[in-house]
Structure formats: structure tokens, C-alpha cells
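Novice: Pasting in a structure now, in C-alpha cells, and then I'll have a few things to ask.
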Amino acid sequence: MQDLGIATTIAAAHKDVPGGLLPALHGIQDALGHIPPEAVPLVAEQFNLSRAEVHGVVSYYHHFRSAPAGRVLVQVCRAEACKSMGADALLAHAADRLGCGVHGTSADGQSSLEPVFCLGLCASSPAIAVNDEVHARVTPAMFDAIVEEARSAA
């Protein structure tokens, strides 16, 4: 499988770098959109770690995904400024609208929902990012329009 070859190449490029496991995992996710479970033993071998150790890192950090994200990736800021301006209610609205929970993907595979902890728009909260495009002062109605536009473009 080509994905596993890419994962092995990226891991090998970082294996001799102190602290190279996280950059390798980021590189794999950047290249493949997720970290395939089949890549875990290959990464473990490159870093002379157990599969459990690598899986532990992948599962500990919410940034890493073991399955591909939906075509529309929605991230809702959960930092204090956004929470104080209604991010929790916005996150609940997003989960309902997208049909998936936090760290989940909709049944049709079209949308994924992830929390993030600061998009840098604290003075304009609550903030979201949709496919890496940030939006400020988002209301539920704005959320619906932004997601609909992203789905149409995807």
C-alpha cells in the first residue's frame, strides 16, 4: 500500500532526530490526512518503540486521527474567550447540524468536527475554522451558512 510507504519514509526521515516521533506523526498526518492504524507498527519499528507506545501517542493527542476526516473539517475553538462568548452552545449546534460528535465524522463521511484550543481570534469570539479558513463572531445561523458553502465547494 502506497500510504504505508509514505509513512515509512516520513518516519525514517525523523528517526534519528531527538524527539522526532511527534514531527514524524505530524508529517504522516499532513501527507495522508490521518495516521492509518497499519502505519503504527512501521513507525514503532523506525523509532525502536513498541506498537503500544506509538499508539499511546497517537491516541493521546486529539490532533491525530486514525481515520480520514470528512471533506469538510470543522474546528470550533474551545479556549476561554470563545467559551465565554458561547462556544459551548455553538459546538452543540455544530454537532447537531453535522450529525456527529466531537472528534467524529458524519455518517455520510462529508463532515468532521474537532475542538481546537485557540484560533487566535479571542477578541472576535466565538471562532471556528472550516477547512483551515477561520471565521469570527460566529452565530448558529452564520455557522450553517459557512458549512453549506464549504460543502458546496468540496
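The rows are residues; the columns are (1) under 18 Å from the mean Cα position of the chain (by Cα); (2) assigned to a loop (DSSP other than H, G, I, E, B).
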{"residue": "Val74", "(1), (2)": "yes, no"}
{"residue": "Arg97", "(1), (2)": "no, no"}
{"residue": "Ala107", "(1), (2)": "yes, yes"}
{"residue": "Glu114", "(1), (2)": "yes, no"}
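Novice: Determine which member of the set Val130, Val138 is within 23 Å of Gly33 (Cβ to Cβ), surrounded by 14 or more Cβ atoms within 10 Å (Cβ to Cβ) and of a type in the set (Val, Ile, Thr). Don't jump to the end; show me each part of the working.
Specialist: Numbers: Val138 fails: within 23 Å of Gly33 (Cβ to Cβ).
Going through Val130, Val138 in turn, just one is within 23 Å of Gly33 (Cβ to Cβ), surrounded by 14 or more Cβ atoms within 10 Å (Cβ to Cβ) and of a type in the set (Val, Ile, Thr): Val130.
Novice: Still on this model: Pick from Val147, Val134, Val138: which is at pLDDT 95 or above and part of a strand (DSSP E or B)? First the steps, then the outcome.
Specialist: Values: Val147 fails: part of a strand (DSSP E or B); Val138 fails: part of a strand (DSSP E or B).
Exactly one residue qualifies, and that residue is Val134.
Novice: Can you tell me which residue among Leu121, Leu73 is aliphatic (A, V, I, L, M), surrounded by fewer than 20 Cβ atoms within 10 Å (Cβ to Cβ), in contact (Cβ under 8 Å) with a residue 40 or more places away in the chain and touching a strand residue (DSSP E or B) at 6+ places or on another chain (Cβ under 8 Å)?
Specialist: Working: Leu121 fails: surrounded by fewer than 20 Cβ atoms within 10 Å (Cβ to Cβ).
Result of the check over Leu121, Leu73: Leu73.
Novice: Next question. Of all residues in segment 1-15, which are over 20 Å from Arg65 (Cα atoms) and either surrounded by 15 or more Cβ atoms within 10 Å (Cβ to Cβ) or touching a helix residue (DSSP H, G or I) at 6+ places or on another chain (Cβ under 7 Å) (or both)?
Specialist: Here is the first cut: in segment 1-15, the residues over 20 Å from Arg65 (Cα atoms) are 12-13, 15.
Within segment 1-15, Ala12, Lys15 qualify.
Novice: Assuming Leu25 fulfils every condition listed in (1) in contact (Cβ under 8 Å) with a residue 12 or more places away in the chain; (2) in the same structural domain as Thr105 (by TED's automatic domain parsing) apart from one, which condition is it?
Specialist: Leu25 satisfies every listed condition except (2).
Novice: Output yes when any residue across segment 16-36 is outside any helix (DSSP H, G or I), surrounded by fewer than 13 Cβ atoms within 10 Å (Cβ to Cβ) and of a type in the set (A, V, I, L, M, F, W, C), and no when none is. So that I can check it myself, show each step before the final result.
Specialist: In the first step, residues of segment 16-36 are kept if they are outside any helix (DSSP H, G or I); the result is 16-20, 33-36.
Keeping just the survivors that are surrounded by fewer than 13 Cβ atoms within 10 Å (Cβ to Cβ) gives 16-19.
Still in the list and also of a type in the set (A, V, I, L, M, F, W, C): 17.
Scanning segment 16-36 turns up at least one residue that is outside any helix (DSSP H, G or I), surrounded by fewer than 13 Cβ atoms within 10 Å (Cβ to Cβ) and of a type in the set (A, V, I, L, M, F, W, C).
Novice: Restricting to segment 81-108, what's the tally of residues that are modelled with pLDDT of 95 or more and acidic (Asp, Glu)?
Specialist: Final tally of qualifying residues: 2.
The values are calculated or read from the model by the stated rules, or taken from the named source; none is laboratory data. All values reported here derive from a predicted model rather than from experimental measurement. Positions of Cβ are backbone-derived with ideal geometry, glycine not excepted, and every protein chain shown enters the neighbour counts.
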